Amino acid sequence: MKRFVSKCPICGGEVVKKKVDKVVRGGHDVAILEVEAGVCLKCGERLYTKATQEELQKTRDRLRSGSTKTLKRVGNTYIPA
Ligand SMILES: [Zn+2]
């Protein structure tokens, strides 16, 4: 497992772990996932772990294929059930 970076690759600022709402778009639908991200205190750059990136990709694929059973629909938005 690669360790979470603590320096921003963009500006070299300090990166802290935070829960953030990540908007994922796939097809015509949008999901909002609460994920843990590294957020740069200086420039606001968000960094995601590989596992989180994979989860986001999976959600994107699910939205595109229309199989959103594990996501709760709120209007035109899917959130994890
Ligand atoms: Zn930065």
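The values are calculated or read from the model by the stated rules, or taken from the named source; none is laboratory data. As the structure is a computational prediction, the values presented were derived from the model and not from experiment. Glycine gets a Cβ as well: all are built from the backbone with ideal geometry, and neighbour counts include every protein chain shown. For accessibility, only protein heavy atoms count, side chains too; no ligands or nucleic acids. Shrake-Rupley method; radii C 1.70, N 1.55, O 1.52, S 1.80 Å.
Some values worked out for this structure:
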{"read-out": "Scan of the range 28-60 for residues that are under 24 Å from L71 (Cβ atoms) and in a loop (DSSP other than H, G, I, E, B), ordered by number", "value": "H28, Y48, T49"}
{"read-out": "Residue match in the range 49-66 (condition: loosely packed, with under 13 Cβ neighbours inside 10 Å and within 13 Å of T77 (Cα to Cα))", "value": "yes"}
{"read-out": "Yes/no for R46 being modelled with pLDDT of 90 or more, open to solvent by 60 Å² or more (accessible area, probe 1.4 Å), more than 15 Å from the ligand (Cβ to nearest atom) and under 11 Å from the mean Cα position of the chain (by Cα)", "value": "no"}
{"read-out": "Any chance R25 is out of contact with any strand residue (DSSP E or B) (no Cβ under 7 Å at 6 or more places or on another chain), in a strand (DSSP E or B) and at pLDDT 80 or above", "value": "yes"}
